[in-house]
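Written out below as structure tokens is the structure these notes cover.
Just so it is clear, none of the values below were taken in a lab; they were calculated from the coordinates. None of the values given here were measured: they were computed from a predicted structure. Every residue, glycine among them, receives a Cβ derived from its backbone with ideal geometry; neighbour counts consider all protein chains shown.
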Amino acid sequence: MSLSSLLPAFGEAIRCPCCNHPIPALVLTNAYLCPRHGLFEVSVAEDGIIHLGSGRHWRFWQGQWYRQHQQVESLRAEIFAALDHLHHQGFYATGITLAQRYRKLVTPYVESRSDWFRQVYYSKLRLFGLPVTFQPDTQTGSRWQVIAFELAKKLGSPKTYRYFVCTRMNEGLRK
């Protein structure tokens, strides 16, 4: 009997989807243990992993774990964190493209213009003040079955902020 047959589906170690540190597989189980975040179980049906403490799901694609959202607030929080990260890299977002599978989840929560005329004739959905589009039906490949969203970005800072951006405080400035 080989060691590989005693290990979970993703091999002897994976990177933790939360902290990105390597975490070892538990032999004779279908799980990985992160000392910081706890136990992750392999979900063969979803081709990913589930954090047993929170029930969060991730799927692996091109060397990276992507969160699979069941609630709109977790998706909004991830988008907000990506906007903040983008801002601190010197870019700003000009739009958000969401995976088609999130259309029903997100549509009731996206911002729309308060003027009914604009809602009917322009029907631009917005999230954090940015225009929201959904993945084109022609792009139904495995990429959009795994990733949740993409941000369209431009280099520099915008003249006016359309979305609120977190500001990271310098440790020396805290009292």
task: Could you work out how far apart the two model spin labels at Lys154 and Val72 are, taking each label as a point 7 Å from the Cα in the direction of the beta carbon, and quote it in nm?
output: 2.9 nm
message: Can you tell me the mean projection area, over all orientations, of the convex hull of segment 3-68's alpha carbons? Units nm², please.
response: 4.2 nm²
statement: Expected sort for Ser54, Ser5 with the fewest Cβ neighbours (10 Å cutoff) up front is Ser5, Ser54
statement: For the Thr133, Asn20 Cβ pair and Förster radius 30 Å, calculated FRET efficiency rounded to 0.05 is 0.55
- prompt: Listed highest first by mean packing, meaning other Cβ atoms within 10 Å per residue, what order do 30-40, 146-156 come in?
  reply: 30-40, 146-156
Computed FRET value (nearest 0.05) for Glu41 with Lys104, which takes r as the C-beta separation and R₀ as 41 Å: 0.90
field: Radius 11 Å from Cβ of Cys18, net charge of other residues (Lys, Arg +1; Asp, Glu -1)
entry: +4
